[in-house]
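Accompanying notes for the structure given below.
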Amino acid sequence: MDVSQYLGIFLDESREHIQTLSDQMMILEQEPENQDAISEIFRAAHSLKGMAGTMGYKRLQHLTHVTEDCFSDIRSGSMAVTSELMDVLFQALDAIEGYVNTIQESTDEGDDDNENIVNEINRIRAAATGKGDAAPAPKKEESADTAEGGADVAPANDKAAYRNIKLDESAKGVMEDAIVAGKHVFGFSVYIQETCLLKAARAFLVIKALEDMGEVIATDPSSQDIEDEKFDFNFSLFTICDNDIDTAKAAIMSVSEIEEAVGEEYTVEMMQNFGGAAAAEEAPAESAETKEEAPEVKETAPAVKQETAPASKAENAGKPQAQAKKPVISKTIRVDIEKLDTLMNLVSELIIAKNTIVSAADGGESSSQTLNEQVEYLESVTTNLHEAVMKVRMVPIESAVNKFPRMVRDLEKKLDKKMQLTITGEETELDRTVVDEIGDPLMHLIRNSADHGLEHPDERAAKGKPEMGTIFLNAYQDGNSVIIEVGDDGKGIDVEAVRAKIVERGLASEETAAQFTDKEVINYLFDPGFSMAKKVTDISGRGVGLDVVKSNIESLGGDVSVKTKLDEGSTWIIRLPLTLAIIQALMVIVGEEKYAIPLDSITTIESVQESDLKLVQGKEVIQLRGTVIPIVRMSNILGVESTHNMDEDMIVVIVKKGDSQAGLVVDELMGQQEVVIKSLGKYINTDRVISGATILGDGEVALIIDANALI
């Protein structure tokens with residue numbers, strides 16, 4: 001069984017549970033008596049513990065188990081929610097997330113037991129309830145399930161189904177030779193809890209645990225049937241092992257949701273008589289077996305979304321890694337079944353259209369009308385298919401912003417400021433690839449607002465502001481783009497202070513800097529290494545920040561700008577494309593080449609006479625409906641010779657970026673077309689004017705112009 005298929009699911013599910021814990025713990029800190037929050041926390045912690053155990057991540061399981069016990073005490077009323085307790089629990093949550101991050105990077109949870117956090121939780125629990133005496137964190141080679149406790153069982157002989165396995169002479173011969181060589185041969189029947197939803201995963205972990213100790217010779221049902229879950233809640237096997245039967249049974253019982261394991265050791269004589277008289281013999285007395293302790297709240301706190309919980313690899317304790325493993329990158333999207341139904345219907349229509357076109361093509365000229373009709377129909381279907389695929393790729397930006405309330409809570413304590421975060425529009429959808437990349441830039445802008453933007457309470461009071469500062473994040477769709485605004489009601493950007501910093505760093509002379517507009521001055525904040533921080537902290541001021549924010553957003557085809565007013569606050573405005581895969585574009589010709597300009601950046605197309613051009617500070621502009629718009633001659637930018645006839649009006653495509661506009665002069669218009677964006681890779685220097693390429697219907701390649709880079 002290939003366990004790598006489960007690891008991505010495990011990471012996705014774990015991050016969902018971690019986010020639930022973070023959100024509900026934030027609520028619990030403000031509302032200590034909120035029973036709904038406590039129940040949600042307990043369910044998430046319980047599910048996460050079970051998943052970690054299934055995957056064999058013992059340290060993660062143990063820390064989550066200790067945290068779960070703490071919330072169990074809170075839920076029962078034996079322990080109160082205090083500021084000290086929540087601080088420690090948030091530390092535990094960070095450590096849990098650290099385990100998950102390490103697993104993503106290396107598929108291993110690492111060797112940090114986080115004993116200081118476990119001990120602190122136990123100390124607080126002991127002071128409140130006298131219960132904080134959990135066992136030390138289990139090491140890799142130990143079983144967290146065994147550490148939780150167990151009971152001795154004496155399995156009945158009728159459960160020894162391994163005696164009915166059909167062994168061929170070859171397998172029996174191998175086991176006889178192993179016994180003669182001093183090894184142990186065991187037969188086992190393993191029984192899985194009937195509430196288990198991942199039987200195959202548990203069976204695989206049992207087999208893998210035994211294979212780590214020796215060799216599994218035969219199974220019933222077959223290994224393929226076990227992998228395909230074609231069995232009830234029990235299976236049997238024979239194994240050759242260097243260890244004794246107690247150790248083998250302990251390895252089996254260390255797997256979550258195993259009810260019991262019935263087994264015995266075989267001698268050469270028993271193997272020779274296997275299938276005959278030996279099958280009727282009484283099984284020897286069983287040694288003590290450990291059995292997983294049932295969760296004490298199983299009936300009231302079932303695992304959340306357990307139907308999609310993963311199974312995983314068994315541990316190879318003590319074995320050195322041959323080489324570093326690549327990070328596990330989640331590439332999954334959860335899709336509404338209705339969207340998949342729509343896709344299926346559209347694909348069906350495509351097949352019908354294809355068959356009709358093939359028939360028409362074979363029918364000669366009489367079928368030309370039918371062919372034309374089907375081509376039009378095919379165009380309609382492909383457009384609908386594009387829209388349907390777009391919707392499948394779209395996910396709410398909630399997954400990128402839901403970690404920020406917790407971050408602001410921590411910043412509030414670290415900076416000794418009073419602040420609150422308001423988020424609106426988190427249901428706004430973006431392409432999954434964009435959502436995955438936008439989290440870090442947004443995080444930096446929020447940290448920037450907390451550190452640089454908001455004043456300390458006494459300073460705010462002196463200005464007549466409420467002591468509680470506000471940071472906001474608003475998201476909404478604007479045409480084919482999504483706008484995300486991040487801002488605060490703090491001190492704003494001191495333009496004159498930035499201007500002085502520009503001169504101080506030698507980026508411009510005092511005379512030149514004095515002529516800069518406020519916008520030009522503020523744009524220097526996006527320069528690499530430019531920082532207004534008076535001291536370097538772990539929050540900001542290291543000279544790495546807004547330039548990275550800008551480059552990351554521009555790499556996604558977006559742009560960022562800022563509005564600010566002294567003592568009233570700043571707002572950072574991010575504009576992002578809905579998708580990075582397929583766009584509507586205006587096809588144009590410059591010189592002898594074809595280019596595509598994304599439609600979402602175009603406002604109008606104008607016919608302009610050469611005589612209408614004016615010069616402002618040596619640059620060509622036009623005045624259009626009361627607005628002065630700079631002119632960009634694309635032939636000069638692209639380094640090609642224009643085919644425009646000077647006696648004819650110029651074709652000017654007006655594009656926008658935020659409040660700014662520019663007029664792109666092209667030679668010809670070809671019309672609107674849906675294009676698939678292809679990356680040019682890292683080996684072509686396009687100076688950011690070209691954002692990619694597309695292949696046209698005739699096989700010709702057209703470059704895609706990045707209008708944002710020209711404004």
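Would you list 99, 377 from fewest to most Cβ contacts within 10 Å?
Lowest to highest Cβ neighbour count: 377, 99.
Enumerate the amide H contacts of residue 562 below 5 Å, restricted to partners 5 or more residues apart or on another chain; note that Pro and chain-start residues carry no placed amide H.
The list, which skips near neighbours in sequence, is 573.
Could you list which residues have their amide H under 5 Å from that of residue 488, counting only those 5 or more apart in sequence or on another chain, with H placed in the peptide plane?
Here the answer is 472, 570, since their amide H atoms fall under 5 Å of that of residue 488.
Using each residue's phi in the stretch 15-25, evaluate 6.51 cos²θ - 1.76 cosθ + 1.60 at θ = phi - 60° and report the 3J(HN,Hα) Karplus result to the nearest Hz, with x for Gly and Pro.
5, 5, 5, 4, 5, 4, 4, 4, 4, 6, 5
To make sure I understand, if each residue's beta carbon is the centre and we count other beta carbons within 10 Å, what order do 437, 373 fall in, fewest to most?
373, 437
With a 10 Å radius around each residue's Cβ, average the other Cβ atoms per peptide and rank 486-499, 100-113, highest first.
Those peptides, ordered most packed to least, come out 486-499, 100-113.
Compute the distance from the alpha-carbon center of the stretch 578-624 to that of the stretch 368-391, in whole Å.
29
Which GluC sites (Glu not before Pro) does the stretch 539-640 hold that lie in a coil by DSSP with at most 16 other beta carbons within 10 Å?
568, 592
Compute the separation of the alpha-carbon centres of the stretch 160-215 and the stretch 223-280 and state it in Å as a whole number.
4
Can you check what the Kirkwood hydrodynamic radius comes to for the stretch 4-142, Cα pairs only, in Å to one decimal?
Roughly 15.0 Å, rounded to one decimal.
Only counting other Cβ atoms within 10 Å, I'd like 241, 196 sorted with the fewest neighbours first.
196, 241
Output wanted: per-residue J couplings in Hz (rounded whole) for the stretch 80-88, from phi through Karplus 6.51 cos²θ - 1.76 cosθ + 1.60, θ = phi - 60°, x for Gly and Pro.
Here the 3J(HN,Hα) series is 8, 7, 10, 4, 5, 4, 5, 4, 5 Hz.
Could you list, in their original order, any pairs among 619/678; 417/463; 403/463; 49/208; 413/657 whose Cα atoms are separated by more than 27 Å?
Exceeds cut-off: 619/678; 403/463; 413/657.
Treating cross-link reach as a plain straight distance, find the aspartates and glutamates whose alpha-carbon is under 19 Å from the alpha-carbon of residue 172, omitting any fewer than eight places away in the same chain.
Cα-Cα hits under 19 Å: 211, 215, 220, 242, 264, 265, 269, 281.
Per-residue HN-Hα couplings for the stretch 594-601, Karplus 6.51 cos²θ - 1.76 cosθ + 1.60 at θ = phi - 60°, whole Hz, x for Gly and Pro?
Computed from phi, the couplings for the stretch 594-601 are 9, 9, 10, 10, x, 5, 5, 9 Hz.
Under a cut-off of 13 Å between alpha-carbon atoms, report the aspartates and glutamates in cross-link reach of residue 465, not counting same-chain residues fewer than 8 places apart.
Leaving aside aspartates and glutamates fewer than 8 places away in the same chain, those within reach of residue 465 are 455, 488, 489, 567, 568.
None of the figures in this text is laboratory data; all of them are computed from the coordinates on show. Predicted, not measured: the structure shown is a model, and the values here were computed from it. Reconstructed Cβ throughout: ideal geometry from the backbone, glycine too, with neighbour counts over all protein chains shown.
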